[in-house]
1. Regarding region 20-34, can at least one residue be identified that is in contact (Cβ under 8 Å) with a residue 40 or more places away in the chain and β-branched (Val, Ile, Thr)?
2. When you scan region 108-133, how many residues do you find that are of a type outside the set (D, E, K, R), in a loop (DSSP other than H, G, I, E, B) and in contact (Cβ under 8 Å) with a residue 12 or more places away in the chain?
3. Among the residues of region 57-71, which ones are of a type outside the set (Ser, Thr, Tyr) and either assigned by TED's automatic domain parsing to the domain that holds Met140 or under 11 Å from Val107 (Cβ atoms) (or both)?
4. For residues in region 93-124 being over 14 Å from the mean Cα position of the chain (by Cα) and closer than 18 Å to Ser169 by Cα, which is surrounded by the most Cβ atoms within 10 Å (Cβ to Cβ)?
5. Any idea which of (1) modelled with pLDDT of 95 or more; (2) surrounded by fewer than 16 Cβ atoms within 10 Å (Cβ to Cβ) is the one Ala136 doesn't satisfy?
6. Could you grab me the full set of residues in region 1-23 that are assigned to a helix (DSSP H, G or I) and surrounded by fewer than 11 Cβ atoms within 10 Å (Cβ to Cβ)?
7. Failed condition for His195, given (1) of a type outside the set (S, T, N, Q); (2) modelled with pLDDT under 85; (3) surrounded by fewer than 14 Cβ atoms within 10 Å (Cβ to Cβ); (4) in contact with a Ser or Thr (Cβ under 9 Å, 6 or more places away or on another chain), with all others met?
8. State all residues of region 58-114 that are out of contact with any Lys or Arg (no Cβ under 7 Å at 6 or more places or on another chain), polar (S, T, N, Q) and within 20 Å of Val137 (Cβ to Cβ); if no residue qualifies, say none.
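The values are calculated or read from the model by the stated rules, or taken from the named source; none is laboratory data. Since the structure is predicted, the reported quantities are computational estimates derived from the model, not experimental observations. Cβ coordinates were reconstructed from backbone atoms using ideal geometry, including for glycine residues, and neighbour counts include every protein chain displayed.
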Amino acid sequence: MEFSSKLLEKAVNEMAQLPGIGKRTALRLVLHLLKQPEERTGFLTQALSQMRTDIKLCDNCHNISDEIICEICANPSRNHQLICVVEDVRDVMAIENTGQFKGIYHVLGGKISPIDGVGPSQLKITSLIEKVNSGAVNEMILALSSTMEGDTTNFYIFKQIKNPGLTISTIARGIAVGDELEYADEVTLGRSIVHRVPFENAFKNN
């Protein structure tokens, strides 16, 4: 792809680094920005810059937040004794969109994947184990993707639990095996949360 401007080429190359954005799409987006009023581009630049400098991770659940404690954890109407364990902040958004879950979350930041060099120490597992073993939680829902890595992470967490009074459940297999949670439709995901099953039963059925 030939460029008449090095500045344009640089902008296109940077835009093409985004997931799912090829060079042609990047060029189309950059040319669109060039046609906009300068202040519109400034708003976008400011929003991205502020996001990078000011965004936080919730001290309690590790969800993306504007404050030290996110809105979900700070909401007194949520059931703080029910915790849903997810891989990524996108999974929080997906579950919240169903309107079926009224507890709080714990974002691991990924899943155990030895082939990718991701072990338990790279994830937010220790703080989860401390939280549920303290007795502050009555039920933990393991809502990880139905993949080998997701099941491995589920089982690792399950083996670390020392709280005999804790109910451990997992989302129903309305989510197809191998599917990522964020791509599930809201109805299926909502039903999987509502009709969750004891983790021991899910493990025996695999």
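1. no
2. Result for region 108-133: 5.
3. Leu57, Cys58, Asn60, Cys61, His62, Asn63, Ile64, Cys70 - these are the residues of region 57-71 that are of a type outside the set (Ser, Thr, Tyr) and either assigned by TED's automatic domain parsing to the domain that holds Met140 or under 11 Å from Val107 (Cβ atoms) (or both).
4. Checking each candidate, the answer is Phe101.
5. Condition (1) is where Ala136 drops out.
6. Within region 1-23, Lys6, Leu7 meet the criteria.
7. (4)
8. Within region 58-114, Asn60, Asn63, Asn75, Ser77, Gln81, Gln100 qualify.
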